[in-house]
1. What are the residue pairs meeting all of these: first residue in the range 135-154, first residue without any contact (Cβ under 8 Å) to a residue 12 or more places away in the chain, second residue among the polar types (S, T, N, Q) and surrounded by 11 or more Cβ atoms within 10 Å (Cβ to Cβ), Cβ atoms under 6 Å, and 6 or more apart or on different chains?
2. Inspect the range 133-155 for any residue being surrounded by 14 or more Cβ atoms within 10 Å (Cβ to Cβ), under 30 Å from N174 (Cα atoms) and in contact with a Ser or Thr (Cβ under 7 Å, 6 or more places away or on another chain) and give the result as yes or no.
3. Determine, yes or no, whether K210 is basic (K, R), out of contact with any Lys or Arg (no Cβ under 6 Å at 6 or more places or on another chain) and closer than 22 Å to F105 by Cα.
4. Considering only residues that are farther than 24 Å from K211 by Cβ and not in a helix (DSSP H, G or I), which ones fall in the range 116-139?
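The values are calculated or read from the model by the stated rules, or taken from the named source; none is laboratory data. As the structure is a prediction and not an experimental result, all values here were calculated from the model. All Cβ positions, even for glycine, are placed from backbone atoms using ideal geometry, and neighbour counts span all protein chains on display.
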Amino acid sequence: MSAQIWTTDQMNQMMIAETQPPDQKDAQQLKTIKRRFNWIYLLLALLGIIVIVLLILLIVLFAFYNSDRNKAKSADELSYADQAFIESRHMWQNEHCKKTCTKKFDLAPLILLSLDGFNAGYLTRNLTPSLKIIAECGAHAPFMYGSYPTKTFPNHYAIATGLYPESHGVIDNNMFDPTVKNDTKFVKTNTNPAWWFGEPIWNTVMKNGKKAACFYWPGSEVPVQGTIKGYGRRVCH
């Protein structure tokens, strides 16, 4: 028989293990098991986070891929007229300003465009290329002072008549005047000429035998001075 040799450390461990009570041994084993399970839970949590991140990346990539496909599809589905319009629009924006009109016009047409609430500084931000080229090729001011009160209808009718609100009568978007017969309240859709004074520019143009057309300009649907000819809502001709 071979003799088994024990080291001093092994003998000490055996003596400690034999002298420990059973409850203390079980407690140590439970702690060891808990530590192992904690590490397992941590690894599973990390794996779950990695899987979620990968899924999010896949969803984002799929969305970008679909958006590119839809853009390409929509571009392919554009009609010839749509493509021609887009190309002509970009060409028009890149053209130099023309100093003379085409033969279709005996006189140079005058176009007055109003964008309610459009700050003058917006034109310098390169966000409105079409408006920018119109301003550069036409006439424009760096800014303008509004009439008081700075409301839509008083200021638009002031531009059309050249009068202050106190003179052209429209002093607010909504008004009340007990002296106006059968129509004491003024609202934006009011077409009673009793509220509107002065002579708007379209009346002046038509009085001189020229053509004028208005679309959604405050007062353009009102028979101011008994003059209005129309072929649509808020349109004079």
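1. G146/N155
2. Among the residues of the range 133-155, at least one is surrounded by 14 or more Cβ atoms within 10 Å (Cβ to Cβ), under 30 Å from N174 (Cα atoms) and in contact with a Ser or Thr (Cβ under 7 Å, 6 or more places away or on another chain), which makes the answer yes.
3. yes
4. D116, G117, F118, N119, N126, L127, T128
Listed here are the residues, each with its yes/no results for (1) modelled with pLDDT under 90; (2) within 30 Å of K98 (Cα to Cα); (3) touching an Asp or Glu at 6+ places or on another chain (Cβ under 9 Å); (4) not in a loop (DSSP other than H, G, I, E, B).
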{"position": "P149", "(1), (2), (3), (4)": "no, no, yes, no"}
{"position": "P178", "(1), (2), (3), (4)": "yes, no, no, no"}
{"position": "D183", "(1), (2), (3), (4)": "yes, no, yes, no"}
{"position": "G209", "(1), (2), (3), (4)": "yes, yes, no, no"}
